[in-house]
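The values are calculated or read from the model by the stated rules, or taken from the named source; none is laboratory data. Only a predicted model underlies this, so the values are computations on that prediction, with no experimental measurement involved. In this analysis, Cβ positions are derived from the backbone assuming ideal geometry, glycine residues included, and neighbour counts consider all displayed protein chains. These area figures cover heavy atoms from the full protein model, side chains too; ligands, DNA and RNA do not enter into them. Shrake-Rupley method; radii C 1.70, N 1.55, O 1.52, S 1.80 Å.
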Amino acid sequence: MSFLGIQVAVSNHDMDSRVPSSSFPSVSSMAEPEPELEPETEQESVPCLISCTTFNILAPIYKRLDQQNQSLRESEFRAFWLARNQRIIDWLLYEASSIICLQEFWVGNEELVRMYLERLNDAGYTTFKLARTNNRGDGLLTAVHKDYLRVLNYRELLFNDFGDRVAQLLHVQLNVPLWLNQRTNFERDILIVNTHLLFPHDSSLCIVRLHQVYKILQYVESYERENQLNPIPIMLCGDWNGSKRGHVYKFLRLQGFESTYDIAHQYTDSDVDAHEWVSHRNHRGNICGVDFIWLRNPNKSRKPLKTSWAEAVFSILKYQLRKASMTEFDAFAFLKGDNHGDFITCSAFLEALRQVNLTGVPSGLSFQETRDLWIQADIDGNGVIDYEEFKQMIWSATLSDREGQEEDYNGNLDSSKQSTEEGTALGFKVKNAALFPREVEKGLWPEHYSLSDHARLTVVFSPVKMQCSQSRRHCLGTN
């Protein structure tokens, strides 16, 4: 059956239209096989597994049905959006991840909301939905399975910015024993964030997306202080609307976060051009990798948040100046403005930020943030930025994640070798990660895929014990 040339019934070759069968790899089967162990050893070391899925499900109000008529959206045809979303739920329940984070959830449609909540609740999930501000129509949905996780707290982050974006923060606790022989109490808390950053319609909006991530991390640090939390694992899930070459990716790396998909597939930052995977085909027809599940284990050392933030903003400033074909000397002269001395004054610095649209626009930096940047750049605190400070803080801004990270990502300690719980914390090892449809892992976007314009990402974790120095347990959020 077709209407306006659009097929209503899903074709047989649509890879996500079929009822899930046993031939499809389930989440549990994604985990690497454990080596055969003696019964006594197995009782000591075999951990539980948890899994997390993030998926931008493409809200029907945004799904275009006709390239020649961009105003024709799926939301106008109930049969279309209902069938597609029923298939999405079928797959989510078949995979049965412990944590499900959805973006572009159509909160404005009561029937769709009810369908998701009822089916997820019936399957044992606790659900939380959050609409974007200013009645945008879509939002976020996060679901955690009661058999694996208990929700201790839930918070909503409203950015109230140019893109009306939001985020959800869940403080959860593992409901299952971490190890089969666990005899002592062990902190099992995790922080989970679900978000969807602004789409970068042009390069001037890079600062907005960076700002959104900065707000999330500020809030996480504030929540940790408020609740006097010891270091615990943090997962950031969602559609980040930016690739591994972008400022947001590098900023998160500075803060100790790792892309779990890249860990599972042993990709490194140094070979970013060799990474083939994609997760999104946007409305312009471009394919790119924008969907991430980030993990920061509690043993990760990192730079103070304000320091990383300043480096990220200076990197954007440098990018804007180089885009204008400025050399190092040209850039210094531009930042000096009308000043005849060999230094940059605060007023000239603020004016330069305005000229490159980092301030003076609704999506720009606040006055306090620009003052913080100035303090970071004025290393000796003498009230001006000389040429050496300019080179060190602005022109040499590379967002390297090597500094301030002392320990290996999977720097865990074998639980059988630990004689005491003192000085240890819960962490996670990435067992496996997969994108669906699987073609996207090779940089290909299958034309017959119709569930969304995003791939879904599922990651399997196993808990590990990690060393965490007592000094680090008391320095969270220091700047």
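In the range 297-326, what count of residues is obtained for those that are part of a loop (DSSP other than H, G, I, E, B), out of contact with any helix residue (DSSP H, G or I) (no Cβ under 7 Å at 6 or more places or on another chain) and either surrounded by fewer than 17 Cβ atoms within 10 Å (Cβ to Cβ) or modelled with pLDDT of 90 or more (or both)?
The number of residues fulfilling the criteria is 6.
Filter the range 64-98 down to residues that are of a type in the set (Asp, Glu), in a helix (DSSP H, G or I) and open to solvent by 30 Å² or more (accessible area, probe 1.4 Å), then give me how many there are.
Number of matching residues: 2.
In this structure, does GLY124 turn out to be within 24 Å of PHE199 (Cβ to Cβ) and over 21 Å from the mean Cα position of the chain (by Cα)?
no
Okay, residues lined up against (1) open to solvent by 50 Å² or more (accessible area, probe 1.4 Å); (2) out of contact with any Lys or Arg (no Cβ under 8 Å at 6 or more places or on another chain); (3) assigned to a helix (DSSP H, G or I); (4) at pLDDT 95 or above:
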position	(1), (2), (3), (4)
LEU335	no, yes, yes, yes
ASP338	yes, yes, no, no
ARG354	yes, yes, yes, no
ASN357	yes, yes, no, no
LEU365	no, yes, no, no
ASP372	no, no, yes, no
GLN392	yes, yes, yes, no
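Mind checking which residues of the range 123-174 are in a strand (DSSP E or B) and of a type in the set (Phe, Trp, Tyr)?
Within the range 123-174, TYR125, PHE128, TYR154 qualify.
Determine whether the range 128-145 contains at least one residue that is open to solvent by less than 10 Å² (accessible area, probe 1.4 Å) and more than 30 Å from GLY427 (Cα to Cα).
Yes, the range 128-145 contains a residue that is open to solvent by less than 10 Å² (accessible area, probe 1.4 Å) and more than 30 Å from GLY427 (Cα to Cα).
Looking at the range 265-276, can you tell me whether even one residue there is open to solvent by 10 Å² or more (accessible area, probe 1.4 Å), assigned by the TED database to the domain that holds ILE57 and modelled with pLDDT of 90 or more?
Checked against the condition, which is being open to solvent by 10 Å² or more (accessible area, probe 1.4 Å), assigned by the TED database to the domain that holds ILE57 and modelled with pLDDT of 90 or more, the range 265-276 yields at least one hit.
In the range 214-239, what residues are under 22 Å from LEU141 (Cβ atoms) and modelled with pLDDT under 95?
LYS215
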